[in-house]
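Down below is the structure, laid out as structure tokens.
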Amino acid sequence: MVQPILLVTGTSTGIGLATAVAAARAGFRVVATMRDTAKGGLLHAAAREAEVELDIRTLDVTDAGSVTSCIDAVMTQYGRLDAVVNNAGAGHLGTIEGETLDDVRAVMEVNFFGVVTVTKATLPHLRETGGRLVTISSVGGVVGQPFNEAYCAAKFAVEGFMESLTPLAATLGVPVSIVEPGAVSTEFVANVGVDVPAMLEAIGPYGPALEAYLARTAAAFDPSRAQTPDAVATAIVDLLLSEHPPARLQTSETARQFVGAKLADLDGSAVQGMTSGWVR
């Protein structure tokens with residue numbers, strides 16, 4: 001059998017790194033991409049430890065030329081593409097009175113338009129192989145959360161885009177799936193890069209709410225409570241190997257309950273009752 005070719009974006013740390021390694025273990029030829037391959041040290045180390053080989057390449061999802069160049073090179077070398085995992089993304093913390101519109105646009109660029117750019121570039125190749133498209137969203141793509149307006153807006157957009165694309169792509173033999181992790185103990189949160197004291201000083205009347213939110217978030221992402229990247233990666237690889245992959249997958253029981261509460265909340269009261277407690 002021909003070894004299936006899988007492209008994963010955002011593999012320098014966290015879920016992307018764990019998915020690249022787990023998929024290689026499962027028999028995929030993994031093209032592991034990241035914006036700056038000089039930051040691939042953790043991925044190289046994980047691959048050595050797992051005794052797997054990865055094809056590590058540069059791909060910046062916010063640069064259409066970078067996306068096209070990478071995918072063209074993959075097709076030149078391998079001649080096929082069997083699966084894509086849209087994983088690259090960036091965290092963000094803030095509220096609209098305390099940030100610029102350019103800040104919001106930047107969040108949309110990497111978390112939404114990056115997904116759209118990679119999807120557009122890879123769909124023709126996935127159609128040729130009957131391959132599948134998997135996009136890592138978040139429970140924040142379903143439930144709006146305080147101090148996450150821009151991030152949740154981007155993930156909501158991803159969910160709407162993929163939910164709309166799914167039935168259409170299926171008519172051409174391409175399964176599309178959205179993966180919704182909850183809190184995961186990765187570098188993603190650390191990479192948000194917020195100077196908390198400075199933000200508290202600058203955010204004015206939102207300060208008490210931010211302090212409450214940060215305390216709640218620290219507890220949720222504590223390694224003793226949060227899901228591990230390896231557990232999320234296992235769910236993603238199972239999805240890639242599934243004969244009939246679902247359109248939407250939560251990666252933990254906590255995530256399923258959280259998303260389920262929103263999907264059953266017709267008037268918004270359940271979500272507001274839940275999230276208002278995070279900022280008090």
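Observations, loosely collected:
- From T13, T19, T9, residue being closer than 18 Å to L241 by Cβ and either open to solvent by 40 Å² or more (accessible area, probe 1.4 Å) or touching a helix residue (DSSP H, G or I) at 6+ places or on another chain (Cβ under 9 Å) (or both): T19
- Scanning region 147-158 for residues that are of a type in the set (D, E, K, R), surrounded by fewer than 20 Cβ atoms within 10 Å (Cβ to Cβ) and either within 15 Å of the chain's Cα centre (by Cα) or not in a helix (DSSP H, G or I) (or both) yields a total of 0.
- Some residue of region 71-88 being out of contact with any helix residue (DSSP H, G or I) (no Cβ under 7 Å at 6 or more places or on another chain), more than 26 Å from L239 (Cβ to Cβ) and not in a helix (DSSP H, G or I): no
For every residue, the table says whether it meets (1) farther than 28 Å from E163 by Cβ; (2) open to solvent by 10 Å² or more (accessible area, probe 1.4 Å); (3) hydroxyl-bearing (S, T, Y); (4) over 21 Å from the mean Cα position of the chain (by Cα).
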site	(1), (2), (3), (4)
A45	yes, yes, no, yes
E51	yes, yes, no, yes
S66	no, yes, yes, no
A106	no, yes, no, no
G131	no, no, no, no
V134	no, no, no, no
Q145	no, yes, no, no
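Quick grid of which residues meet (1) over 30 Å from P197 (Cβ atoms); (2) of a type in the set (A, V, I, L, M, F, W, C); (3) assigned to a helix (DSSP H, G or I); (4) in contact with a strand residue (DSSP E or B) (Cβ under 8 Å, 6 or more places away or on another chain):
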| site | (1), (2), (3), (4) |
| --- | --- |
| A90 | no, yes, no, no |
| V104 | no, yes, yes, no |
| M108 | no, yes, yes, no |
| N111 | no, no, yes, no |
| K120 | yes, no, yes, no |
| R127 | yes, no, yes, no |
| V134 | yes, yes, no, yes |
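- In region 241-264, the residues that are assigned to a helix (DSSP H, G or I) and under 28 Å from R25 (Cβ atoms): L241, E253, T254, A255, R256
- Of all residues in region 213-243 being small (G, A, S) and either modelled with pLDDT of 95 or more or touching a strand residue (DSSP E or B) at 6+ places or on another chain (Cβ under 8 Å) (or both), the one that is surrounded by the most Cβ atoms within 10 Å (Cβ to Cβ): A233
- Residue in region 69-91 that is of a type in the set (F, W, Y) and either without any contact (Cβ under 8 Å) to a residue 12 or more places away in the chain or crowded, with 20+ Cβ neighbours inside 10 Å (or both) present: no
- Members of region 195-212 found to be modelled with pLDDT of 90 or more, assigned to a helix (DSSP H, G or I) and surrounded by 11 or more Cβ atoms within 10 Å (Cβ to Cβ), listed by number: Y206, G207, P208, A209, L210, E211, A212
- A single member of V179, V237, V232 is touching a residue at least 60 places away in the same chain (Cβ under 8 Å) and not in a helix (DSSP H, G or I), and it is V179.
- Within region 159-176, the only residue that satisfies the criterion of being free of Cβ contacts under 8 Å to residues at least 12 places away in the same chain and part of a loop (DSSP other than H, G, I, E, B) is T171.
The values are calculated or read from the model by the stated rules, or taken from the named source; none is laboratory data. Please read all numbers here as calculations on a predicted model, not as lab measurements. No Cβ is skipped: glycine too gets one built from the backbone with ideal geometry, and neighbour counts run over all protein chains shown. Heavy atoms of the whole protein, side chains included, go into the accessibility calculation; ligands, DNA and RNA do not. Shrake-Rupley method; radii C 1.70, N 1.55, O 1.52, S 1.80 Å.
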